[in-house]
Amino acid sequence: MHYRIFNESFIRKKITVQELYEKILTPSLNSISMTRAEEASEIWKEHLMTNIVRTIIECAYPYVLKEKQIHKGEYKTQRVIIVCPEEEYHEIGARMGADFFVIMDYEVFYIGCNTPKETLYSAIDTLHPDIIAISITNALNLVSLKRIVKELKEKTGSSVKILLSGSAFIHANKNEKDFNADGLVLTLKDIELFRRNQHETSI
């Protein structure tokens, strides 16, 4: 019953993927808060909500591909690797971000959470991306981010753009300049603007 309502909302164009992710799913995830003392007994609530949201995201993928058709062929094909660094276990934001990149007609390689440096470097050597998007939710992981960006730039050179994403940047009031990255993308609109700027500068 719930899936039918969900499905019909897309078919009748009552909701877009952007609206679903940014106005419903993200606020739902952010609504769960707890102190460190409560984590042991209450963390199940976050895990339950995460699994529900993950299922909804998977169900939405056919509509992600449908919305991609709007931008298909509009821009030069580019590859993007989306990754959460080591010790970052929150991946739902990165997963939604991957779909936003798909909508904007990027070739997307979503690696996932807690990715060791060696694993990421192997993916870079194999896939030759144009963009690496790093997603961070836990603000504690911002401590090592400047080093991660520096090492990635040393490895890939200036031709590969490093983008940042995730709620940690909002909570810590930080942006890409604080980490010497090339951009901060928190919404579909941010990715669309970055895509357009890249296109215009390449003409």
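Between 95, 79, the distinction of being surrounded by 15 or more Cβ atoms within 10 Å (Cβ to Cβ), touching a helix residue (DSSP H, G or I) at 6+ places or on another chain (Cβ under 7 Å), more than 18 Å from residue 189 (Cα to Cα) and among the charged types (D, E, K, R) belongs to 79 only. Sub-7 Å Cβ pairs linking a first residue in region 168-187 that is over 19 Å from residue 131 (Cβ atoms) and in the same structural domain as residue 130 (by TED's automatic domain parsing) to a second residue that is part of a helix (DSSP H, G or I) and among the polar types (S, T, N, Q), at least 6 apart or interchain, are 168/141, ordered by first then second residue.
Picking from residues in region 142-163 that are hydrophobic (A, V, I, L, M, F, W, C) and out of contact with any Gly (no Cβ under 7 Å at 6 or more places or on another chain), the one that is farthest from residue 105 (Cα to Cα) is 143. Residues of region 128-149 that are in a helix (DSSP H, G or I) and over 24 Å from residue 201 (Cα atoms): 139, 140, 141, 142, 145, 146, 147, 148. Restricting attention to region 156-203, and to residues there that are of a type in the set (Asp, Glu) and in a helix (DSSP H, G or I), which single residue is surrounded by the fewest Cβ atoms within 10 Å (Cβ to Cβ)? Once the filter is applied, the top-ranked residue is 200. Being within 29 Å of residue 58 (Cα to Cα), among the β-branched types (Val, Ile, Thr) and over 17 Å from the mean Cα position of the chain (by Cα) holds for only one residue in 119, 137, and it is 119. Applying the set (1) modelled with pLDDT of 90 or more; (2) within 23 Å of residue 139 (Cα to Cα) to residue 58 leaves exactly one unmet item: (2). For region 63-70, indicate whether the set of residues that are over 18 Å from the mean Cα position of the chain (by Cα), in a loop (DSSP other than H, G, I, E, B) and surrounded by fewer than 17 Cβ atoms within 10 Å (Cβ to Cβ) is non-empty. The answer is yes; a qualifying residue exists. A residue that is touching a residue at least 24 places away in the same chain (Cβ under 8 Å), part of a helix (DSSP H, G or I) and buried (at least 20 other Cβ atoms within 10 Å of the Cβ) occurs somewhere in region 115-124.
Residues that are under 13 Å from residue 88 (Cα atoms) and at pLDDT 95 or above were ranked within region 126-139; the one that is surrounded by the most Cβ atoms within 10 Å (Cβ to Cβ) is 135.
A quick yes/no check of all residues on (1) more than 25 Å from the chain's Cα centre (by Cα); (2) surrounded by 12 or more Cβ atoms within 10 Å (Cβ to Cβ); (3) at pLDDT below 80:
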{"position": "7", "(1), (2), (3)": "no, yes, yes"}
{"position": "16", "(1), (2), (3)": "no, yes, no"}
{"position": "19", "(1), (2), (3)": "no, yes, no"}
{"position": "32", "(1), (2), (3)": "no, yes, yes"}
{"position": "41", "(1), (2), (3)": "yes, no, yes"}
{"position": "48", "(1), (2), (3)": "no, no, no"}
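The values are calculated or read from the model by the stated rules, or taken from the named source; none is laboratory data. Bear in mind the structure is a predicted one, so any value in this text is a computation, not a measurement. Positions of Cβ are backbone-derived with ideal geometry, glycine not excepted, and every protein chain shown enters the neighbour counts.
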